[in-house]
1. For the range 31-85, enumerate the residues that are within 28 Å of residue 401 (Cβ to Cβ), out of contact with any helix residue (DSSP H, G or I) (no Cβ under 6 Å at 6 or more places or on another chain) and in a helix (DSSP H, G or I).
2. Please give the number of the condition residue 406 fails out of (1) in contact with a helix residue (DSSP H, G or I) (Cβ under 7 Å, 6 or more places away or on another chain); (2) part of a helix (DSSP H, G or I); (3) over 18 Å from residue 362 (Cα atoms).
3. Anything in the range 245-261 that is crowded, with 18+ Cβ neighbours inside 10 Å, closer than 23 Å to residue 318 by Cβ and over 18 Å from the mean Cα position of the chain (by Cα)? List them, or say none.
4. Do the conditions hold for residue 206, that is, is it closer than 18 Å to residue 312 by Cα, in a helix (DSSP H, G or I) and touching a residue at least 60 places away in the same chain (Cβ under 8 Å)?
5. For the range 356-365, indicate whether the set of residues that are loosely packed, with under 14 Cβ neighbours inside 10 Å and either out of contact with any strand residue (DSSP E or B) (no Cβ under 8 Å at 6 or more places or on another chain) or not in a strand (DSSP E or B) (or both) is non-empty.
6. Looking at (1) under 30 Å from residue 409 (Cβ atoms); (2) loosely packed, with under 14 Cβ neighbours inside 10 Å; (3) modelled with pLDDT under 95, which is the one condition that is false for residue 42?
7. Sort out which residues of the range 230-257 are over 19 Å from residue 209 (Cβ atoms) and in a loop (DSSP other than H, G, I, E, B), and write them in order of number.
8. What are the residue pairs meeting all of these: first residue in the range 306-332, first residue on the phi > 0 side of the Ramachandran plot, second residue at pLDDT below 95 and part of a loop (DSSP other than H, G, I, E, B), Cβ atoms under 7 Å, and 6 or more apart or on different chains?
């Protein structure tokens, strides 16, 4: 039985979204970006606000294709659940790793040699991962040896961390952390409940989240509200994590907070139900017809709910879940028709390259962006210091384009750099998995 069957259009859709994530996360100048490439300030929604939920939706669509055959074949679910927890933990850990990179927040008493040793271990870990991924046909014992080498390297990095990291300002929530939690709960819900039970649970979460934010008073005598710093989700994040472990640009609240992860799980479940439908033995006309109708209904319901519960990405409102979930279904309908029905695939290869190594591309883009900002040279004071990022932007883009186009060109430069390294893996048919 083929447990690894992939949906071509889903890889392409995933690749489009990864390219968009890299582009909107890496403008040359935030103050001169096109408005369409910026998030809404608070209530409301721009196309940039579609990107992250589209990724969670795609993650959900992939779950029935990845786990459905195993579930239906009677594979031991305890072993499958263990794999799901393991994968979620790794993705969550990658999120924390990206929050620490590149200086790993070493305490001032930590010698420079410790940081260099950390970089050496990191390089060795990445090398071992690539060796494992590049040699699928190697003997099991050899793969096991490299896997244990990877684990030992991670252990050494953790020991160094326990001695020298400054954990006092590590951001705990984050994009990858939310992806990990959505994957974990969407997968477990898919394996545990029937579709009808899943829908009831998803609807219950959205209605409960609406009721909690609108009717539950915030401790301290504050009335229920949807403001950034004073809504119940922001209070819960401060209570559990403290301001030192939240989004550094806001400090008092986090756009990937714990409470707002609940409706984000429903975004993943919308993808799960879409994947279940696409797997059925029906004609493509039936599949796409129902998907088109569902997308229109969900988008309409989200816009209607917006009147009483505003569409808002930063607190992931229930209306936002329905609105972007419906749009995601409409986009997938169009891509499925173009790719899988009409077989117009020539244009899509760059996106398929991104889509088959999506996690690698996203993590690499974050590390690349931080690294070129961290590499600096110049005088002894901040004013005379130049970063590699600043030099690239000021030298290659600012002199030749308008302010907005220079910012966009730099973002596309980031996409091109990450595409090149992702293409190198695709060329060797290396697909990194967790």
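The values are calculated or read from the model by the stated rules, or taken from the named source; none is laboratory data. Values in this document were obtained by computation on a predicted structure and should not be read as measured data. Every residue, glycine as well, gets a Cβ built from its backbone with ideal geometry; the counts of neighbours run over all protein chains shown.
1. 31, 35, 36, 49, 52
2. (1)
3. Residue satisfying the conditions is 253 alone.
4. Details: closer than 18 Å to residue 312 by Cα: yes; in a helix (DSSP H, G or I): yes; touching a residue at least 60 places away in the same chain (Cβ under 8 Å): yes.
Here the answer is yes, as residue 206 does meet what is asked.
5. Applying the first criterion (loosely packed, with under 14 Cβ neighbours inside 10 Å) to the range 356-365 yields none.
No, the conditions are met nowhere in the range 356-365.
6. Residue 42 satisfies all of (1) under 30 Å from residue 409 (Cβ atoms); (2) loosely packed, with under 14 Cβ neighbours inside 10 Å; (3) modelled with pLDDT under 95 except (3).
7. Listed by number, the residues that qualify are 242, 246, 247, 248, 249, 250, 251, 252.
8. none
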